[in-house]
Amino acid sequence: MSSFRPATPKSSPYITADGAKNLRSELHQLWKIERPKVTQIIHEAAKNGDRSENGDYVYGKRRLREIDRRVRYLTKRIETVTIVKTLPNDPSRVFFAAFVTLESQAREKFEYRLVGADEINAKKNWISIDSPVARALLGKRANDVIKTDTPNGKRELTILNIRY
């Protein structure tokens, strides 16, 4: 059995201004507040002797690795993302950061927001710009019908409204 995993496709480098602010806030929280607390716990636990049986030391080191991994990711991501602050030239079409109201064939209405990979939020119906539904929506106008594959099968959706 092989342990080979194909590389995950790169996500779009776009993010909203609020999303970038949230990434910076998380980076600050981890680096300035949480990491110093964890290093202090590790320091105190190391003074207690045998580190192999010291839970505070073992779990502290594990948490420190998690924090450092996330800090590296956030730092790199913040450097590489493109913050989208302006509205598109044609707000009657679907582009990044749009709120799109859709209607299914069963007359169900729902709204999606197209956001970057770091901002996906299922509770708010914020979907990735890289998702099949979002890719089908890009460039479309109100009253256009899109056909897309979803985990529940093929769907036909009508665009009712677009707002930014």
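The values are calculated or read from the model by the stated rules, or taken from the named source; none is laboratory data. Nothing here was measured: the structure is a model prediction, and the numbers come from that model. Neighbour counts run over all protein chains shown; Cβ positions are idealised from the backbone, glycine included. Note: areas computed on protein heavy atoms with side chains; ligands, DNA, RNA excluded. Shrake-Rupley method; radii C 1.70, N 1.55, O 1.52, S 1.80 Å.
Annotations for the structure displayed:
- Surface share of carbon and sulfur [accessible, 1.4 angstrom probe, percent] for the chain: 50
- In a DSSP loop and with at most 13 other Cβ atoms within 10 Å, the GluC sites (Glu not before Pro) in the stretch 15-69 are Glu53.
- Annotation note: GluC sites (Glu not before Pro) in the stretch 70-130 located in DSSP loop regions with a Cβ neighbour count of at most 16 within 10 Å are Glu108.
- Local electrostatic count, Glu119, Cβ distance below 15 Å [Lys/Arg +1, Asp/Glu -1]: +3
- The stretch 50-116: translational diffusion in µm²/s, Stokes-Einstein, Kirkwood Rh over Cα pairs, 4 °C, 1.567 mPa s: 78
- In this structure the chain gives 69 Å² per residue of accessible area when probed at 1.4 Å with all protein chains present.
- Farthest toward positive dipole pole in the chain [+1 Lys/Arg, -1 Asp/Glu at C-beta], among Asn48, Ile78, Val58: Ile78
- C-alpha long axis of helix 35-46 to longest principal axis of the chain, angle in °: 30
- Net charge, Ser104 excluded, C-beta distance under 13 Å - Lys, Arg +1, Asp, Glu -1: +1
- Value at 222 nm in deg cm²/dmol, rounded to 500, when DSSP H runs of n ≥ 4 in the chain each add -39,500 (n - 2.57): -11000 deg cm²/dmol
- Cross-link pairs beyond the 32 Å C-alpha cut-off, checked among Lys32/Lys85; Lys85/Lys147; Lys10/Lys85; Lys10/Lys123; Lys123/Lys154; Lys21/Lys47: Lys21/Lys47
- Local electrostatic count, Asn54, Cβ distance below 11 Å [Lys/Arg +1, Asp/Glu -1]: -1
- With all protein chains modelled, accessible area of Lys37 [1.4 Å, Å²]: 130
- Going by accessible surface with a 1.4 Å probe and the largest first, Ser25, Ser128, Ser3 read Ser3, Ser25, Ser128.
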